[in-house]
Amino acid sequence: MPMSKLDEVGAWLGHRLPDVLAGSRVPGAAVAVCAGGEVVDGAAGVLSTATGVEATVDSLFQIGSITKVLTATLAMQLVDEEKLDLDAPVRTYLPEFRIADERAAERVTVRQLMCHVAGFEGDIFTDTGKGDDCIEKFLGALHQVPQLFEPGEMFSYNNAGFCVLGRIVESVRGKPFDDCMRTHLFEPLGLTHAANDPYEAIIHRTAVGHIERTPGGQLEPTHVWALARSNAPAGSMLAMRARDLLAFARMHLAGGLGPDGSPVLSPASVRAMRQPQIEQPDINQGAAWGLGWELFDLSGPTVFGHDGNTIGQSAFLRVVPERDVALVIVTNGGSPKQVFREIAGHVLHELGGVELPRQPVPDPAAPALDASRYVGTYVSSTSETTVSLDEEGRLWLERIPMGVTAELDEAPYRTELIAWRGDALLPVEPEGGVRAPLAFLGDDGEGRAAYLHTGRADKRVPGSS
């Protein structure tokens, strides 16, 4: 009997994955692919370079921010039950919700949390303990968080917003977030290799993240397995095997039906989550954001999904609904985006008819930049980025980690910037194996950009030039 296309992909994975990892300095990875009702998976490398334990298809990896789609699904289940109104203010469900801007706090809606347009500083990783009340306590850490722009004005990736969404789920359900996750997703989807925290993960064969403590340095196992539990709804904790994450994606492909045919989410909510809510800046990422899902502008069929990054671990989920195809890649260090491009490039082409866009490359003939709009200092809670002009007229970016990223030994980054498209500039030096464009948006009132946008909007320090 001839091999199916999916079987061919599975055979290719078994042959190619070890070499891809070696070429990308990724210690270990697992991949799972479905087409229709059939699944193939594979794994290679090690879970920790310190122990040498091999990665298997049943190994757990952190899925990072892909968790946000599960959190959004929990919220949409409440919509199905008529217990949650997406366009109601957050304070309808959390009267205690406060941020520094009281006027904004009164107006932020549940929908705005779900599509990253709430406008307040989003990278807040305050550790409020390991108890079941940690997310409730996290709301108190937001009282002084600044508002970067008016609610609904623009897209800016917001971890804290999804923590607030997780607290809404807790409040409406009347039970801790992890219990909601277990009862309303793990159990109906039959997820047997999924862990809400390290206490559950240790029961399984589980990956450890690896980081470079200096640029280009040797990869080392991280000394911290996970970020604070308070950020669990945003992706600080959840770990699972690739096949279990694929089961979640298959539920969305099946119009909300679980593996036994019972409804987990309504077809209307499945469709609503894929509808564009806000366009992303022109930085070569997705084209728009839905309710939890990132929507990608790729040639051919529709593609939606999400990426996730924790401490030395990265995960990727892509779904092609017209072809009934989904792909999961989970990794634990090195240059995971290189792994994604090779594996996803082959799998999505073979099974989904999808071509990944080419990576942007520096153009030697790029015109000189009008540096006056870009030069300055841009700050968030996790970094300070300075854009400067040298004596030869070249534009340079230097990013210094701050806060939790500095504590986790994230390396500084310095690169020249050159013209790419409009106010989107291109770094000459790759970071994590890729060159990711960044955009300068808005106006500070003096003709200079108000924000440096890398998926998150970092605000210009007033008076910096």
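Within the same chain, aspartates and glutamates fewer than 8 places from Lys130 are excluded, and of the rest, those with a Cα less than 17 Å from its Cα are Glu170, Asp178, Asp179, Asp197, Glu200. Dividing the Cα radius of gyration of segment 81-122 by 2.2 N^0.38 Å, with N the residue count, gives 1.11. When you restrict to C-alpha pairs under 8 Å that are six or more residues apart and normalise by the size of segment 1-355, the relative contact order lands at 25 percent.
Placing R0 at 56 angstrom, the Cβ-Cβ distance between Val428 and Asp133 gives a FRET efficiency of 0.75 after rounding to 0.05. Kirkwood-type hydrodynamic radius, segment 371-460: 13.4 Å, calculated from all non-identical alpha-carbon pairs. Applying a threshold of 31 Å to the alpha-carbon distances of Lys175/Lys459; Lys337/Lys459; Lys68/Lys337 flags Lys175/Lys459 as lying beyond it. Name the residue farthest towards the positive end of the dipole of segment 1-355 from the options Gln285, Ala50, Ala315, assuming +1 on Cβ of Lys and Arg, -1 on Cβ of Asp and Glu, about the Cα centre. Ranked along the dipole, the leading option is Ala50. About the centre of its Cα atoms, segment 371-460 shows a dipole size close to 320 debye [charges on the beta carbon of Lys, Arg (+1) and Asp, Glu (-1) only; nearest 20 debye].
Centroid-to-centroid, using Cα positions, segment 294-325 and segment 216-261 are 14 Å apart. Taking a point 7 Å out from the Cα of Glu384 in the direction of its Cβ, the residues of segment 399-437 whose backbone N falls within less than 15 Å of it are 399-407, 412-413. Between Val224 and Glu96, the contour length at 0.36 nm per residue exceeds the alpha carbon distance by 42.9 nm. For segment 99-135, the residues whose amide N sits under 20 Å from a probe point set 7 Å from the Cα of Asp85 along the beta carbon direction are 104-115, 118.
Put in order of Cβ neighbour count within 10 Å, fewest first, the listed residues Ile99, Ile63 become Ile99, Ile63. Taking 0.36 nm per residue of separation and subtracting the Cα-Cα distance, full extension of the segment from Lys175 to Glu38 would add 45.8 nm. For Rg and Dmax of the Cα atoms in Å, the candidate list reads (i) 50.1, 157; (ii) 27.9, 93; (iii) 21.4, 71; the entry that matches the value derived from this model is (iii). In a reduced charge model with +1 at each Lys and Arg Cβ and -1 at each Asp and Glu Cβ, segment 1-355 shows a dipole moment near 280 debye about its Cα centre.
Across segment 246-251, computed HN-Hα scalar couplings (Karplus, 6.51 cos²θ - 1.76 cosθ + 1.60, θ = phi - 60°) run 4, 4, 4, 4, 5, 4 Hz from first to last residue, x flagging Gly and Pro.
Fewest-first ordering of Arg421, Arg274 by other beta carbons within 10 Å of each residue's beta carbon gives Arg421, Arg274.
Coordinate-derived values only; no laboratory data. This structure is a prediction, so every number in the text was calculated from the model and none was measured. No Cβ is skipped: glycine too gets one built from the backbone with ideal geometry, and neighbour counts run over all protein chains shown.
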